[in-house]
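K.L.:
Sharing a structure here in structure tokens format.
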Amino acid sequence: MTISNQQELPSVAADLLQKHSNDRVFGFYGEMGAGKTTLIKELCRQLGVEGTTSSPTFAIVNEYFGSDGLPIYHFDFYRIDSVDEAVKIGFNDYLYSGSYCFIEWTEKVEELLAGEDFVKVKIEVLGDQKRRFIY
């Protein structure tokens, strides 16, 4: 799906959630500034999260609650240096929790996801605001 501006992002989030309604682990790929965090914020909004959502760049993981009262986990692994750091924060426990897990900079923890079924979401920058989403 390709969009020309950020106002079209809700349609991407709705499509992603609809096509992958049974999936709970999503890995986001894209260059810095591609819109990974922005898409995750919209996904959280559509899942009923109220209040502020932000990238957990320094905290590594943020926890939100959807309209169903269940947790949603948002990871940002940009700042980690090894998969051991992800293991130490209990990443595997989050993965098997049955809750939504939205992972930025997935490539840094891919070896922990080996053999796991997760949705790969690639964001390609095509212009100033134009983006292509592949999932």
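The values are calculated or read from the model by the stated rules, or taken from the named source; none is laboratory data. As the structure is a computational prediction, the values presented were derived from the model and not from experiment. Cβ placement follows ideal geometry from the backbone for every residue including glycine, while neighbour counts extend to all protein chains displayed. The accessibility values were calculated without ligands, DNA or RNA, using every heavy atom of the protein model including side chains. Shrake-Rupley method; radii C 1.70, N 1.55, O 1.52, S 1.80 Å.
K.L.:
Share of the chain's accessible area from carbon and sulfur, percent, 1.4 Å?
P.N.:
Solvent-exposed carbon and sulfur of the chain make up 45 percent of the total.
K.L.:
When only the heavy atoms of the protein chains count and the probe is 1.4 Å, how do Y96, Y78 rank by accessible area, highest first?
P.N.:
Order by accessible area, largest first: Y96, Y78.
K.L.:
Shifting gears a bit: Per residue, how much accessible area does the chain have with a 1.4 Å probe, in Å²?
P.N.:
53
K.L.:
Rounded to the nearest 5, what is the percent of antiparallel bridges among the DSSP beta bridges in the chain? Could you put the intermediate results ahead of the total?
P.N.:
Numbers: 11 of 24 bridges.
If I count the DSSP bridges inside the chain, around 45 percent turn out antiparallel.
K.L.:
Further question on the same structure: In the neighborhood of D23, defined by Cβ-to-Cβ distances under 12 Å, what is the net charge if each Lys or Arg adds +1 and each Asp or Glu adds -1? Walk me through the numbers before you get to the answer.
P.N.:
Numbers: positive: K19, R24, K120; negative: E116, D117.
Spelling it out: positives minus negatives among the neighbours equals +1.
K.L.:
Quick one: what Rg and Dmax do you get for the chain from the alpha carbons, in Å?
P.N.:
Rg and Dmax of the chain, Cα atoms, are 14.0, 40 Å.
K.L.:
Next question. Give me the Debye-computed log₁₀ of I(q)/I(0) at q = 0.18, 0.24 Å⁻¹ for the range 1-66, equal point scatterers on Cα only, no solvent, two decimals.
P.N.:
After summing over all Cα pairs, the log10 values are -0.73, -1.31.
K.L.:
Taking the Cα centre of each part, how many Å lie between the range 101-135 and the range 26-90?
P.N.:
If you average the Cα positions of each part, the centres end up 12 Å apart.
K.L.:
Now for a separate question. To the nearest 10 square angstrom, what accessible area does M32 show with a 1.4 Å probe?
P.N.:
Roll a 1.4 Å probe over it and M32 shows about 120 Å².
K.L.:
Would you tally the net charge around F58, using a Cβ to Cβ cut-off of less than 12 Å, leaving F58 out, and scoring K and R as +1, D and E as -1? Could the numbers behind the result be given before it?
P.N.:
On the way: positive: R79; negative: D76.
Counting the neighbours of F58, the net charge comes to 0.
K.L.:
Rounded to the nearest 10 Å², what accessible area does I134 have for a 1.4 Å probe in the complete protein model?
P.N.:
Accessible surface of I134 is approximately 80 Å².
K.L.:
So what's the angle, to the nearest 10 degrees on a 0 to 90 scale, between helix 9-19 and the longest Cα principal axis of the chain?
P.N.:
The angle comes out at about 60 degrees.
K.L.:
Which of the GluC sites (Glu not before Pro) found in the range 35-135 are loop residues per DSSP with 11 or fewer other Cβ atoms within 10 Å of their Cβ? Could the numbers behind the result be given before it?
P.N.:
Details: sites: E42, E50, E63, E85, E104, E107, E110, E111, E116, E124; in loops: E50, E116.
Listed in order of number, the matching sites are E50.
K.L.:
Nearest 5 is fine: what % of DSSP beta bridges in the range 48-116 come out antiparallel, could you say?
P.N.:
On the way: 5 of 10 bridges.
If we restrict to bridges inside the range 48-116, about 50 percent are antiparallel.
K.L.:
Mind checking the angle between helix 36-46 and the chain's longest principal axis? C-alpha axes, 0 to 90 degrees, to the nearest 10.
P.N.:
90
K.L.:
Still on this structure: Among residues other than I3 whose Cβ falls under 10 Å from its Cβ, what is the net charge (Lys/Arg +1, Asp/Glu -1)?
P.N.:
That works out to +2.
K.L.:
To the nearest 10 Å², what's R45's accessible area with a 1.4 Å probe?
P.N.:
Estimated to the nearest 10 Å², R45 gives 130 Å².
K.L.:
Contact order normalised by length for the chain, with contacts defined as Cα pairs under 8 Å and 6 or more residues apart; what percent is it?
P.N.:
Value for the chain: 35 percent.
K.L.:
Report the full-extension gain for the segment E85 to L70: residue separation times 0.36 nm, less the Cα-Cα distance, to one decimal in nm.
P.N.:
2.9 nm
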